[in-house]
Amino acid sequence: MFLSKNKLKQISVFSLLGVSTLYFSQKSQPKAITKSSSSTDPAELVSEENLKKHIYYLASDDLQGRLTGSEGETKAANYLSAEFKKLGLKPYEGKEFIQNFEYSVKLNPHDDKTSTAVKGKNVIAVLDNKASKTIVIGAHYDHLGLNEHHNSTLANSDGQIHNGADDNASGTAAVLELARMLSQNKTKENVNYVFALFSGEEDGLMGSKKLAESIKTNYPNTIFMINMDMVGRLNTNKDLNVGGVGTSPILPELVKKYKPEGINLSLDGSGVGPSDHTSFYLKDIPVLFFFTGTHSDYHKPTDDSDKINYPGQKIITNYVFSLANALGNEKEIPFTKTKVAATKAVPKYKVSLGIMPNYADSKDGMGIDGVIDNRPAANAGILQGDVLTKIGKCEVKEVYSYMDCLAKINAGEEHPVTVKRNGEEKVFNVKF
């Protein structure tokens with residue numbers, strides 16, 4: 001998941017580090033859509049084993065963290081291409097599934113004169129149902145490599161493999177499984193599907209920008225884009241963040257209609273977010289963004305395959321399958337521009353509490369999903385699982401008010417910080 005420039009990622013980075021920036025077979029007629037996974041077609045059942053197989057390979061040390069332009073990225077791209085070929089899908093362009101692109105990245109953000117050229121590889125396949133409409137289902141597969149581009153949240157981690165199991169082998173595995181389900185089932189859907197696996201996301205959505213530039217030329221009636229980024233850590237509360245619900249008036253009801261039992265949805269209306277769907281929203285394409293939230297292993301070498309909630313990811317993959325079918329059967333999906341103001345801008349601030357916020361909009365305080373060692377919160381005795389309610393006299397109801405409160409503090413100041421722990425209110429004196 002992209003580290004800077006977008007709302008959620010900005011919040012994570014600021015909170016943690018205090019950084020100042022940023023087949024084609026003949027098929028039957030279209031099927032009726034049902035809410036649950038009660039399909040009698042075996043091909044339409046999500047395989048947890050498939051998800052696990054893909055994630056364990058993509059997040060293995062052999063791929064060295066899948067940095068864009070690296071040998072590990074090439075190995076990953078070859079694996080993904082082979083998987084698409086097995087399904088009888090066709091390439092998006094030409095005879096290969098690879099879409100090449102180039103960009104430059106500054107390895108020193110403080111030196112405008114230094115940049116490094118990077119050659120990236122998107123891997124894109126098409127399920128051509130000879131339909132007039134097209135839906136893109138995507139995820140990025142690149143990650144941080146050995147921290148060559150300095151996007152890690154762990155200090156002094158250069159040279160360590162950042163495997164990126166959740167970020168974003170999880171989303172990539174889900175796209176591969178959806179490609180299998182939609183291409184190998186007995187149904188000919190009402191839409192074509194473009195399965196897009198992007199690289200260069202961690203450096204600024206570079207791969208998705210490349211595809212977004214040509215998608216309406218190659219498929220003029222591209223009606224929707226679904227993005228999955230970090231969908232492997234469904235927590236015990238089953239909190240699932242779904243962004244982009246404001247990009248079409250049909251989406252809020254549709255997202256709730258197909259919601260799996262027990263899943264706690266947190267909806268965000270904005271089409272602009274911390275991942276690749278943004279590139280398509282900016283081309284006036286409605287989007288949905290699925291995200292199970294950040295965690296203490298985010299952008300660290302510890303984001304490994306054994307920490308993925310595979311049953312949880314199976315639920316999410318099935319949810320997206322149901323939505324993809326439902327969206328394909330819609331007569332029209334009007335596009336709506338979402339106001340940036342509606343998402344609330346991230347205020348500038350000079351200090352860091354050293355926590356990982358919970359993005360669920362509880363209004364009763366902001367949950368703390370992680371506490372970073374040797375930072376103000378940890379030093380004061382604040383713990384993971386605490387619910388932050390006040391910084392000084394400034395009330396914290398959710399992540400946005402947290403940011404507002406933090407913006408009022410200067411480095412070196414001390415303030416009482418109030419949290420709830422197991423229902424009991426506790427106050428800690430924090431030096432920022």
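The values are calculated or read from the model by the stated rules, or taken from the named source; none is laboratory data. Being a predicted model, the structure only gives us computed values, none of them experimental. Because the Cβ atoms are built from the backbone with ideal geometry, glycine has one as well, and the counts that use them run over all protein chains shown. With ligands, DNA and RNA removed, areas are computed over all heavy atoms of the protein, side chains included. Shrake-Rupley method; radii C 1.70, N 1.55, O 1.52, S 1.80 Å.
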Looking at the chain, what % of the alpha carbon pairs are farther apart than 30 Å?
-> 41 percent
Excluding residue 405 itself, what net charge comes from residues whose Cβ is under 9 Å from its Cβ, given Lys and Arg +1 and Asp and Glu -1?
-> 0
Once the piece of chain linking residue 116 and residue 237 is laid out straight, how much longer is it, given 0.36 nm per residue of separation minus the C-alpha distance between them?
-> 39.3 nm
So for 270, 296, what's the accessible-area order with a 1.4 Å probe, most first?
-> 296, 270
Per residue solvent-accessible surface (Å²) - the chain, probe of 1.4 Å = 41 Å²
Paired Rg and Dmax values of segment 112-245, which use every Cα atom, in angstrom | 16.9, 56
Simple SL model, points at 7 angstrom along Cα→Cβ for residue 307 and residue 216; separation in nm is 4.0 nm
What ranking, highest mean first, results for peptides 370-379, 69-78 when packing means the other Cβ atoms within 10 Å averaged over each residue?
-> 69-78, 370-379
Under 13 Å from the residue 379 label point (7 Å along Cα→beta-carbon), backbone N, segment 392-415 = 411-415
Mind ranking 336, 172 by accessible surface for me, highest first, 1.4 Å probe?
-> 336, 172
Quantify, in whole percent, the carbon and sulfur part of the accessible surface of segment 135-253 (1.4 Å probe; protein heavy atoms only).
-> 48 percent
For segment 369-432, which whole percent of the accessible surface, found with a 1.4 angstrom probe, sits on carbon and sulfur atoms?
-> 42 percent
Take the alpha carbon atoms of segment 385-423, find their center, do the same for segment 69-95, and report the distance between the two centers in whole angstrom.
-> 47 Å
Rounded to a whole number, what % of the accessible area of segment 257-329 do carbon and sulfur atoms account for, probe 1.4 Å?
-> 49 percent
